[in-house]
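Everything on this sheet refers to the single structure shown next.
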Ligand SMILES: CC(C)(COP(=O)(O)OP(=O)(O)OC[C@H]1O[C@@H](n2cnc3c(N)ncnc32)[C@H](O)[C@@H]1OP(=O)(O)O)[C@@H](O)C(=O)NCCC(=O)NCCS
């Protein structure tokens, strides 16, 4: 598995995955281009050979203590093999480098797979936004992670040789 920082040149491949992963509420190419170009954002992709099979994005304004996981998606054929967790770990690692303290995200209430991934990294539910996802009329669950706790736990896991995943 090879991960690298995304650039605007990845836009078409990312949009293909975006449209396949979020059929009813995908971002537009214009929105995604802005995200990739923003100095406040940081996107990472994972590749299998020449093929881009996943991407994830963080929004962390320089100097701010809060950041957001903006999105994460793995191609359907590449799921269930640790790539989603690896990309999430990359985002959180970048947030640590930017001296963020709290990371937030929103996840659809009807997406138990993503919720389980986030909870297993230490995110906890802190609120709900009723009917946030339209046109599907699905609630958003707002989750929060204490990043310093996450980094400390990861350092302990590494130093005891237990690994993280
Ligand atoms: C959510 C998503 C990114 C996870 O990526 P992935 O590569 O499949 O996940 P991983 O293999 O890294 O698994 C991480 C954890 O997710 C959970 N998980 C993964 N697949 C699961 C499944 N089929 N059922 C239940 N939980 C599952 C498990 O907790 C797993 O940890 P474990 O392997 O230690 O049990 C991927 O399913 C995806 O792209 N979904 C569509 C887009 C999406 O919903 N994005 C999230 C928006 S908030």
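Details
- Looking across 16, 37, 75, one residue alone is away from the ligand (no atom under 14 Å from the Cβ) and more than 20 Å from residue 145 (Cα to Cα). It is 37.
- Boolean, residue 121 is touching a strand residue (DSSP E or B) at 6+ places or on another chain (Cβ under 6 Å) and at pLDDT 95 or above: no
- Sub-8 Å Cβ pairs linking a first residue in segment 143-162 that is more than 16 Å from residue 103 (Cα to Cα) to a second residue that is in a loop (DSSP other than H, G, I, E, B), at least 6 apart or interchain, are 157/163; 157/164; 158/164, ordered by first then second residue.
- Segment 115-142 - residue that is away from the ligand (no atom under 11 Å from the Cβ) and in contact (Cβ under 8 Å) with a residue 60 or more places away in the chain and, of those, surrounded by the most Cβ atoms within 10 Å (Cβ to Cβ): 136
- Residue check, residue 94 free of Cβ contacts under 8 Å to residues at least 12 places away in the same chain and away from the ligand (no atom under 15 Å from the Cβ): no
- Scope segment 98-111; condition surrounded by fewer than 16 Cβ atoms within 10 Å (Cβ to Cβ) and either at pLDDT below 95 or within 15 Å of residue 72 (Cβ to Cβ) (or both); matching residues: 111
- Matching entry among 81, 62 (being within 22 Å of residue 5 (Cβ to Cβ), in a loop (DSSP other than H, G, I, E, B), out of contact with any helix residue (DSSP H, G or I) (no Cβ under 8 Å at 6 or more places or on another chain) and away from the ligand (no atom under 12 Å from the Cβ)): 62
Here is a yes/no grid of residues against (1) in contact (Cβ under 8 Å) with a residue 24 or more places away in the chain; (2) surrounded by fewer than 17 Cβ atoms within 10 Å (Cβ to Cβ); (3) out of contact with any strand residue (DSSP E or B) (no Cβ under 8 Å at 6 or more places or on another chain):
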site	(1), (2), (3)
2	yes, yes, no
19	no, yes, yes
25	yes, yes, no
29	no, yes, yes
44	yes, no, no
72	yes, no, no
75	yes, no, no
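The values are calculated or read from the model by the stated rules, or taken from the named source; none is laboratory data. None of the values given here were measured: they were computed from a predicted structure. Here the Cβ is made from the backbone with ideal geometry for all residues, glycine too, and neighbour counts use every protein chain on show.
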